[in-house]
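Participant: Would you mind keeping the following structure in view while I ask a few things?
Just so you know, all these numbers are worked out from the coordinates, no wet-lab data involved. Quick caveat, the model's predicted, so the values are computed rather than measured. Note that we place each Cβ from the backbone using ideal geometry, even for glycine, and neighbour counts take in every protein chain shown.
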Amino acid sequence: MTAVASTSCLAAPIGDSHCPTTEQLKRYTGSFPVMGHGDVGLVNGEGGSGFVPEENKWDFDNKIASAQLMRPELGVSVRLMDITSMHLLGTGEWDILYFVSCRKGHLHVVPQDSFLYGVKVHIVSDKEFTTRSGYWMQKDARCCPSKIEFRRYNWNTERKTFLVTQRSIKAK
């Protein structure tokens, strides 16, 4: 799934492509898709989603936590962006990872993965990163995962995207 924002990209070209700066993303106003969960709305890099009229509040508070530049191959620049979405009217917090680039003057956003109660991202190189997050067994309470999930993502030159190449689940 790819979102194309109506806002033009203002970043200087890097090779054959453009990549918005972290500062530009933190000024962004629009929405990004969340796989199977609607959209994450942002105004100047922060915002809400899921407005609840009877409460006169947003259901989720969204903030850009990080946006790290990666150049996996010549002429390709993307930002690995992490948006934290906190559930204000319930329980839970998600970190949603996106790949953001600029094509033909428009912002392209591709959702990668979402993680309940956060994720730790480690950039190994421009072609590889890893994530560490909670993993819930069937008996686990929602607050307390009993295991840790590790994922390794590598750049796939043919598909022009990062793919999960290794996954493991370990005890805490």
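Participant: Name the aspartates and glutamates eligible as straight-distance cross-link partners of Lys170: C-alpha to C-alpha under 20 Å, and not fewer than 8 places from it in the same chain.
Facilitator: The reachable aspartates and glutamates, counting only those whose Cα sits under 20 Å from Lys170, are Asp113, Asp140, Glu149.
Participant: Counting pairwise Cα distances across region 62-106, what percent come out greater than 18 angstrom?
Facilitator: Cα-Cα pairs in region 62-106 separated by more than 18 Å: 42 percent.
Participant: Run the numbers for Lys57 and Ile148: contour at 0.36 nm per residue of separation, minus the present Cα-Cα distance, in nm.
Facilitator: Gain in length upon complete extension: 29.4 nm.
Participant: Kindly write out, for region 109-116 in residue order, the coupling ³J(HN,Hα) from the Karplus curve 6.51 cos²θ - 1.76 cosθ + 1.60 (θ = phi - 60°), rounded to whole Hz, with x marking Gly and Pro.
Facilitator: Rounded to whole hertz, the list is 10, 10, x, 9, 7, 10, 9, 5.
Participant: Label points 7 Å out from Cα along the Cβ direction at Asp140 and Leu74: separation in nm?
Facilitator: Modelled inter-label distance: 4.4 nm.
Participant: Based on the alpha-carbon gyration tensor of region 63-172, what equivalent-ellipsoid semi-axes (square roots of 5 times the eigenvalues) come out, in whole Å, largest first?
Facilitator: 27, 18, 10
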